[in-house]
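The values are calculated or read from the model by the stated rules, or taken from the named source; none is laboratory data. On a predicted model such as this, the values are computed, not experimentally measured, just so you know. Counting neighbours? That spans all protein chains shown, and the Cβs are built from the backbone with ideal geometry, glycine included.
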Amino acid sequence: MDFLNKEILDYCKKFTSQNNKILKELARETEYKIMMPRMMSGPLMGSFLQFISYMMKPMSVLEIGTYTGYSAICLASGLQKNGHLHTIEINPELEDFAKKYFKKAKVNNQITLHIGNALDIIPLLDISFDIIFIDADKKNYLKYYELSLKKIKKGGIILIDNVLWSGKVLQKIKKNDKETREIKKLNKLIINDDRVENMMLPLRDGIMICKIL
């Protein structure tokens, strides 16, 4: 969900450097062929992730939730020459789609796509990451955050998408709404967490930025 009106969003997109042709092609094919295309990061969020990557020049990046590969390509754009991005996707049906675009974007040699449950895969990665981007199933957000803190370098950045959750964080939680309950718990934990400094931005569906102290 976008919280600004369409005219403002269109104006922002107009005056933001356009993503490359491969990302545009990826977005179009995702819209036409893949279920729930709104899960894709999109141009404004993609540009934000690119800028974070450009500024930090990471050697190692972890993405939790690949979907069709849009955000992975954006995050890989600022990797150092020998840098690498690990991305985890639970849905094996998306593997070939994402890999096709990693190759088209010429970042396939810098990306490893893991298929499976991130809660099982993350502990097996013997790597300290500069950037971790969390954008997977919301009911496990607290677990992903705690696992990420064990895998991130001091001074590194954890980015967490969908922390506004279509505005549901401001509403009374329905009895069976596990996702909203988990996101609200995470937001409350982070603002009181002395392991990080954080900022929540109302970009698209909300993104939390945590710097590791």
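Quick check: is even one residue across the range 163-174 at pLDDT 95 or above, more than 14 Å from the chain's Cα centre (by Cα) and of a type in the set (Gly, Ala, Ser)? No, the range 163-174 contains no residue that is at pLDDT 95 or above, more than 14 Å from the chain's Cα centre (by Cα) and of a type in the set (Gly, Ala, Ser). Of the numbered criteria (1) closer than 15 Å to Gly65 by Cα; (2) in a strand (DSSP E or B); (3) of a type outside the set (S, T, N, Q), the one Tyr145 fails is (2).
Quick one: which residue in Lys168, Lys211, Lys188 is more than 26 Å from Gly42 (Cβ to Cβ) and either free of Cβ contacts under 8 Å to residues at least 24 places away in the same chain or touching an Asp or Glu at 6+ places or on another chain (Cβ under 8 Å) (or both)?
On the way: Lys168 fails: more than 26 Å from Gly42 (Cβ to Cβ); Lys211 fails: more than 26 Å from Gly42 (Cβ to Cβ).
Among Lys168, Lys211, Lys188, only Lys188 is more than 26 Å from Gly42 (Cβ to Cβ) and either free of Cβ contacts under 8 Å to residues at least 24 places away in the same chain or touching an Asp or Glu at 6+ places or on another chain (Cβ under 8 Å) (or both).
Only one residue in Lys168, Lys154, Lys139 is more than 23 Å from Gln50 (Cβ to Cβ), among the charged types (D, E, K, R) and part of a strand (DSSP E or B), so which one is that?
On the way: Lys168 fails: part of a strand (DSSP E or B); Lys139 fails: part of a strand (DSSP E or B).
When all the criteria are applied, what remains is Lys154.
Against the criterion of being surrounded by fewer than 21 Cβ atoms within 10 Å (Cβ to Cβ), farther than 22 Å from Ser71 by Cβ and polar (S, T, N, Q), Asn176 qualifies.
Could you identify the single residue in Gly116, Gly156 that is surrounded by fewer than 14 Cβ atoms within 10 Å (Cβ to Cβ), among the small types (Gly, Ala, Ser) and either under 25 Å from Met56 (Cα atoms) or at pLDDT 95 or above (or both)? If you could, list the steps in order and put the result at the bottom.
Numbers: Gly156 fails: surrounded by fewer than 14 Cβ atoms within 10 Å (Cβ to Cβ).
It is Gly116.
When the criteria are applied in full, Lys99 meets the requirement of being part of a helix (DSSP H, G or I) and modelled with pLDDT of 95 or more.
Could you please let me know if Lys143 is free of Cβ contacts under 8 Å to residues at least 40 places away in the same chain and over 17 Å from Ile190 (Cα atoms)? Step through it out loud before you land on a result.
Values: free of Cβ contacts under 8 Å to residues at least 40 places away in the same chain: yes; over 17 Å from Ile190 (Cα atoms): no.
Taking the combined requirement at face value, the residue does not satisfy it.
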